[in-house]
Amino acid sequence: MSVVRDRNESAWLLPNDGTRTNHRLRRDMRRHADADEVDIAIVGCGAGGGVLAQRLARAGWSVVALDAGPFWDPDADWVSDEAGSHHLYWTEPRVIDGTDPVPLGSNNSGRGVGGSMVHFAGYAPRLHPSDFRTSTLDGVGADWPIGYDDLKPYYEQLEAELPVAGEDWPWGDPHAYRQSPHPIGGNGEVFVRGAQRLGIEVRIGPVAISNGRFGNRPHCIYRGFCLQGCKVNAKASPLITHVPDALAHGAEVRADSMVSAVVVDERSGLATGVRYVRGGVERFQRARMVAVAGYSIETPRLLLNSASRRFPDGLANDFDQVGRYLMVQGAPQTAGRYAEEVRAYKAPPPEVSTEAFYETEPGKPYRRGFAIQCVSPLPITFAEHVSAQGYWGAALREYMRDYVHWANLGALCEFLPLPDNRVTLDEQTDRHGLPIAHFSYSQGDNDRALMKAAQDTMEAIHRAAGAEEVITINRYAHLVGGCRMAADERSGVVDADQRTFAVPNLYITDGSVLPTQGSANPALTIMALAARAADRLVAGQRSGVRR
Ligand SMILES: Cc1cc2nc3c(=O)[nH]c(=O)nc-3n(C[C@H](O)[C@H](O)[C@H](O)COP(=O)(O)OP(=O)(O)OC[C@H]3O[C@@H](n4cnc5c(N)ncnc54)[C@H](O)[C@@H]3O)c2cc1C
Ligand code: SF4
């Protein structure tokens with residue numbers, strides 16, 4: 001424990017008097033003038049930006065992390081109520097199209113300090129070693145310029161800091177977790193029963209939810225409001241896992257600050273800071289270095305909106321790579337009706353998962369694979385599931401009256417990166433006058449085949465567990481890619497250290513750098529990558545290589 005605390009004291013900096021926020025840390029936070037040239041300005045304080053800010057502040061850098069959303073206070077801002085939590089999502093206008101348009105908003109992006117992890121479910125698996133070499137191994141996707149072993153030490157660090165609880169993991173690179181598995185509820189029991197009858201291996205976890213006290217963070221109370229922000233502080237998000245330590249080490253977190261452009265000096269070709277809007281006023285924060293971590297849609301949008309004479313088609317977009325290869329995971333959801341009461345809501349939605357179908361299986365009509373997990377939607381989300389099946393009016397009411405009898409499984413299918421799945425700028429503008437993101441998405445044949453295989457498997461598990469009725473809807477989850485990491489500037493936007501090829505002091509440290517996505521939920525990987533990027537920056541500064 002003391003090793004974790006020596007690296008990141010956040011959990012011990014939270015209050016233990018029944019409140020959730022250390023107001024003193026926020027009040028006494030170091031504040032920089034716009035004219036101060038800080039060591040780094042970070043755009044977005046979510047999974048990637050929050051970890052980067054904490055690591056660099058610890059290393060003694062002057063850091064300003066700007067976030068477009070509020071500096072949440074769980075006591076004041078969050079409610080254990082599905083409808084009352086919509087303000088946690090990024091709901092600014094965006095345009096979607098393609099043959100399989102991806103609805104944006106509640107299911108795939110957050111706003112405010114802590115980012116999307118504030119309302120993420122909490123699953124925290126690693127990628128598999130094969131994910132870094134899908135082109136070589138399976139002839140699809142892309143090879144990363146780094147391998148699993150480059151990231152492994154950072155996975156271990158983050159699993160200790162969040163912390164992650166779960167059974168020993170047999171898939172990918174087998175490993176153990178820092179905390180033992182949580183007890184499971186009705187949905188988890190149904191999944192385990194059905195899988196066992198079919199001979200499918202499952203494991204409890206891995207979840208970034210504290211099982212027992214961790215610093216001043218209390219044990220989970222199993223009330224199931226993880227996607228509404230976790231008022232208890234048991235579920236991890238950078239707001240409580242990294243931001244307190246960042247503040248204690250001198251970082252400034254500047255909330256309600258919408259960055260409109262990264263500014264590059266035409267002569268030197270270097271970033272000089274960021275333009276942002278706060279309180280209706282446009283400002284400019286000077287910085288020696290800039291990192292963008294605004295999520296897979298907003299990061300490419302910001303680069304495209306930062307066009308200049310030197311970069312007429314968008315910043316770092318000389319080779320038309322910005323916005324491309326954006327990926328979602330196919331996330332079909334299968335509900336099963338049981339004679340007994342399941343009461344899926346009486347536990348965190350993340351409980352049990354299997355990665356038995358994760359890797360390419362010879363003989364199957366598709367490459368790569370899928371994972372299956374418990375999802376346990378609360379009533380409004382379950383009503384969306386039922387209505388997506390075409391049930392409405394009296395029929396929908398009948399299903400909803402029956403809510404406690406339903407258990408839900410969700411798959412994450414590894415959809416492949418395709419160049420035309422991309423963000424561009426739309427003609428419409430937002431309330432700041434900035435062109436909004438236009439996101440075009442179309443599935444490939446491999447993607448469709450995976451969705452079908454995942455659906456068949458989930459329906460079989462429900463039936464084996466004793467479900468009387470089974471209904472499946474197709475949906476998406478988890479956006480990554482859009483500014484991918486690559487070996488050279490013709491194939492991606494950033495190098496193996498997440499530095500843009502085009503601008504030596506501009507970094508990207510969020511999920512947009514992922515070249516492939518596996519069937520794993522991405523937050524742990526995004527955080528591990530940001531921790532690695534921070535180490536590389538600090539090492540580079542020490543050796544004098546970096547500016
Ligand atoms: C409902 C839901 C459930 C999820 N469940 C899981 C799960 O179980 N496991 C998992 O691993 N992942 C899950 N995810 C996904 C995970 O939360 C994200 O992949 C991850 O947080 C993305 O990290 P990021 O750093 O790319 O962006 P984020 O964490 O979203 O951070 C981006 C930040 O940038 C800010 N920002 C954006 N643009 C600007 C701008 N121009 N100026 C200033 N600030 C800006 C935003 O306000 C935001 O705070 C879930 C997501 C959702 C929505
Ligand atoms: S179930 Fe646990 S992790 Fe989820 S919101 Fe409740 S206390 Fe937090």
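Observations on the structure shown:
- In order along the range 438-448, the phi-based Karplus estimate (6.51 cos²θ - 1.76 cosθ + 1.60, θ = phi - 60°) of 3J(HN,Hα) comes to 10, 10, 9, 9, 9, 7, x, 4, 4, 4, 5 Hz; Gly and Pro are listed as x.
- Prolate/oblate/rounded call for the range 243-345, Cα gyration tensor, a/c under 1.5 rounded: oblate
- Calculated FRET value between residue 76 and residue 31, using beta carbons and R₀ = 25 Å, to 0.05: 0.70
- HN-Hα J in Hz across the range 256-268 - Karplus 6.51, -1.76, 1.60, θ = phi - 60°, x for Gly and Pro: 6, 10, 8, 6, 9, 6, 8, 9, 10, 6, 4, 6, 7
- Calculated [θ] (222 nm, deg cm²/dmol) that DSSP helices of n ≥ 4 give over the chain, each run adding -39,500 (n - 2.57): -7500 deg cm²/dmol
- Shape analysis of the chain based on the Cα gyration tensor places the equivalent ellipsoid semi-axes at 36, 26, 22 Å, largest first.
- Residue 135 versus residue 95: modelled label distance in nm, points set 7 Å from Cα along the beta carbon direction: 3.1 nm
- Interchain or long-range residues, amide H under 5 Å from residue 292's placed H: 43, 507, 508, 509
- Nearest-20 debye value, the range 311-448 charge dipole, Cβ charges on Lys, Arg, Asp, Glu: 480 debye
- FRET E, pair residue 19, residue 468, Förster distance 41 Å, beta-carbon r, rounded to 0.05: 0.35
- Take the Cβ atoms of residue 267 and residue 340, set R0 to 51 Å, and the FRET efficiency comes out at 0.10.
- Relative contact order for the chain, counting Cα pairs under 8 Å that sit 6 or more residues apart, in percent: 22 percent
- Under 12 Å from the residue 201 label point (7 Å along Cα→beta-carbon), backbone N, the range 157-171: 168-171
- For the listed peptides 222-231, 121-130, a ranking on the average number of other beta carbons within 10 Å per residue, highest first, reads 121-130, 222-231.
- Per-residue ³J(HN,Hα) for the range 222-238, Karplus 6.51 cos²θ - 1.76 cosθ + 1.60, θ = phi - 60°, Hz, x for Gly and Pro: 6, 9, x, 9, 4, 7, 10, x, 6, 5, 7, 6, 7, 7, 6, 7, x
- Take 429-437, 444-452, 343-351 and order them by the average number of nearby Cβ atoms within 10 Å per residue, most first; the result is 343-351, 444-452, 429-437.
Each reported figure results from applying straightforward, stated rules to the coordinates on display, with no laboratory input. Note that the structure is predicted; figures quoted are calculated from it, not measured. Glycine also receives a Cβ, built like all others from the backbone with ideal geometry; neighbour counts cover every protein chain displayed.
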